[in-house]
Amino acid sequence: MLIGALEAGGTKIVCAIGDENGNIIDKKIIPTESPNKTMPQIINYFRNKGIEALGVGCFGPIDPDKKSKTYGYITSTPKLAWRNYNIVKALHDTLNVPIEFDTDVNTAALGETISGALLDCEIGIYITIGTGIGVGVCIEGEPLHGLMHPEAGHIILRRLKNDNYKGICPYHRDCFEGLASGPAIEERWGKKAYELKNEYEVWELEADYIAQAIANFILCYSPNRIVLGGGIMHEEQLFPIIRFKVKEYLNGYINMKQILDDIDSYIVPPLLGDDAGIKGALRLGRLASRNN
Ligand code: ZN
């Protein structure tokens, strides 16, 4: 059986065909532009490929509640062309296959839970730091939903005394994403992240905000492990500083050896690399074929 997988991110969209065992057979990357430009390319890719179901992991916020009137919509996204766009309907009307729909980060958390760094975790968290900041949570192998889904990239953090940058989030200004996303780094320092590689000051500040967020997630969700992915986390010098600062912020309060003695195996990069999202989307597609 062939299954379609779609990972729609802030800057690029990954379309793939896979099998029911989770193997990716073919993959294509297209840039995220407006729905008018991008959707026909997505539909052309999947059309006539013989897929029997489709899994969609999408940048959000989205409405993943099948009982809701706005199920399948991308909702209050800062990407204006996609705001209130019903992506599930557009795909279903043209491809006519069952679809499962979730956030891109919940999908990446699912991918890492099935066959990556969150395998065997009762509660696993996937954080992506890139164009935006997103947080996916899987509990016992299921992506977490509730009122809608976690949007923990927009939590409020304690601003550092030496940081006068105003923040870039159009909704909250200096939330986590507003202070620590790729565009925030670029606007604060006047250069792109990869041009700042040797500037320790940049990464110490960045690591501090990420560590604050992680300390909060540990306190809220009690995860068994945390994966840190996304373009900014390709700056691997961040990992040791983040781990050190997480311990500092928790200050011994969470008295668990995974954090106190073995934090290198507790806060980790994705095992599936940049494939976590598309592997998770493939699993969603398989669920769609079963639920149909
Ligand atoms: Zn925000």
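The values are calculated or read from the model by the stated rules, or taken from the named source; none is laboratory data. Since the structure is predicted, the reported quantities are computational estimates derived from the model, not experimental observations. Reconstructed Cβ throughout: ideal geometry from the backbone, glycine too, with neighbour counts over all protein chains shown. With ligands, DNA and RNA removed, areas are computed over all heavy atoms of the protein, side chains included. Shrake-Rupley method; radii C 1.70, N 1.55, O 1.52, S 1.80 Å.
The figures follow:
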quantity	calculated
Some residue of region 92-115 being assigned to a strand (DSSP E or B), modelled with pLDDT of 95 or more and surrounded by fewer than 19 Cβ atoms within 10 Å (Cβ to Cβ)	no
Candidates 232, 226, 218 - the one that is over 17 Å from residue 159 (Cβ atoms), open to solvent by less than 80 Å² (accessible area, probe 1.4 Å), of a type outside the set (Ser, Thr, Tyr) and not in a helix (DSSP H, G or I)	226
Region 41-80, residues that are among the small types (Gly, Ala, Ser) and in contact with a Pro (Cβ under 6 Å, 6 or more places away or on another chain)	53, 76
Selection status of residue 166, open to solvent by 10 Å² or more (accessible area, probe 1.4 Å), of a type in the set (Lys, Arg) and touching a strand residue (DSSP E or B) at 6+ places or on another chain (Cβ under 7 Å)	yes
Residue among 292, 255 that alone is more than 30 Å from residue 30 (Cβ to Cβ) and either without any contact (Cβ under 8 Å) to a residue 40 or more places away in the chain or surrounded by fewer than 19 Cβ atoms within 10 Å (Cβ to Cβ) (or both)	255
Residue list for region 2-22, filter: at pLDDT below 95 and under 18 Å from residue 287 (Cβ atoms)	20, 21, 22
Hits in region 171-191 (condition: within 8 Å of the ligand (Cβ to nearest atom), outside any strand (DSSP E or B) and surrounded by fewer than 20 Cβ atoms within 10 Å (Cβ to Cβ))	171, 172
Hey, residue 64 over 17 Å from residue 281 (Cβ atoms) and either modelled with pLDDT under 95 or crowded, with 16+ Cβ neighbours inside 10 Å (or both) or not	no
Yes/no for residue 238 being modelled with pLDDT of 95 or more, open to solvent by less than 10 Å² (accessible area, probe 1.4 Å) and within 15 Å of the ligand (Cβ to nearest atom)	no
Residues of region 116-158 classified as more than 20 Å from residue 220 (Cα to Cα) and either crowded, with 18+ Cβ neighbours inside 10 Å or within 15 Å of the ligand (Cβ to nearest atom) (or both), total	5
Inter-residue pairs, beta-carbon under 7 Å, first at negative phi and among the acidic types (Asp, Glu) and in region 162-178, second more than 8 Å from the ligand (Cβ to nearest atom) and open to solvent by 100 Å² or more (accessible area, probe 1.4 Å), 6+ apart	174/166
